[in-house]
Amino acid sequence: MSANSSGPLLLVAAVALVDADGRVLIAQRPAGKAMAGLWEFPGGKVEAGERPETTLIREMDEELGIAIQEPCLAPLTFASHDYGDFHLLMPLYVCRRWSGQPTAREGQTLAWVRPARLREYPMPPADVPLIPMLIDLL
């Protein structure tokens with residue numbers, strides 16, 4: 001492989017759920033998963049034929065037990081990061097309205113964090129550049 005190419009492109013959609021107090025929900029990757037122990041914005045892999053918005057609606061139901069309507073998902077920014085064996089492209093959406101109470105359904109730990117404190121939580125390299133965008137927004 002040449003210096004400017006990496007493994008396959010992995011498309012993952014993520015969402016910053018923002019509560020009434022302006023805090024953002026992050027989830028800690030459970031033991032046994034890649035990058036276990038790191039904190040990330042909830043989301044998941046975009047399946048073949050799926051749009052990122054559809055992915056987030058499906059993943060938030062599976063991971064957190066909440067229902068999101070597509071009009072409540074606002075695109076904010078994206079991450080593009082080369083992990084070596086794959087290249088991650090991750091659109092980040094912001095959502096302020098959902099039904100239900102976010103609950104950890106996959107063994108992950110959840111935390112509601114003020115944007116200015118997000119840097120105190122170790123995150124995967126692709127997530128870190130998203131923090132200033134959230135601080136500016138919120």
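Nothing in this text is a laboratory measurement; each read-out follows from the coordinates by a stated rule. Just so we're clear, the structure is a prediction, and the values are computed from it rather than from any experiment. Note that each Cβ is placed from the backbone with ideal geometry, even for glycine, and that neighbours are counted across all protein chains shown.
Brief remarks on what is shown
- Along the axis of the charge dipole computed for the chain (Cβ charges of +1 for Lys and Arg, -1 for Asp and Glu, origin at the Cα centre), the listed residues 24, 38, 116 are led at the positive end by 116.
- Look at the alpha carbon pairs under 8 Å that are at least 6 residues apart: their mean separation over the length of the chain gives a relative contact order of 32 percent.
- Residue 96 paired with residue 135, simple spin-label distance in nm, labels 7 Å along Cα-to-beta-carbon: 2.1 nm
- Estimated from helical segments only, the mean residue ellipticity of the chain at 222 nm is -4500 deg cm²/dmol, where each DSSP H run of four or more residues counts as -39500 (n - 2.57).
- Diagonalising the gyration tensor over the Cα atoms of the chain and scaling each eigenvalue by 5 before taking the square root yields semi-axes of 23, 17, 15 Å, largest first.
- Given 15 as the ceiling on other Cβ atoms within 10 Å, longest exposed-site-free region of the chain for chymotrypsin sites (Phe, Trp or Tyr not before Pro) in DSSP loops: 1-82
- Axis of helix 52-64 versus longest Cα principal axis of the chain: the two differ by about 60°, to the nearest ten degrees.
- Here the chain is treated with +1 on each Lys and Arg Cβ and -1 on each Asp and Glu Cβ, and its dipole about the Cα centre works out to around 300 debye.
- Amide H contacts under 5 Å for residue 38: 29, restricted to partners 5 or more places along the chain or on a different chain, H placed in the peptide plane at 1.01 Å from N.
- Between residue 11 and residue 114, residue separation times 0.36 nm minus the direct Cα-Cα distance comes to 34.4 nm.
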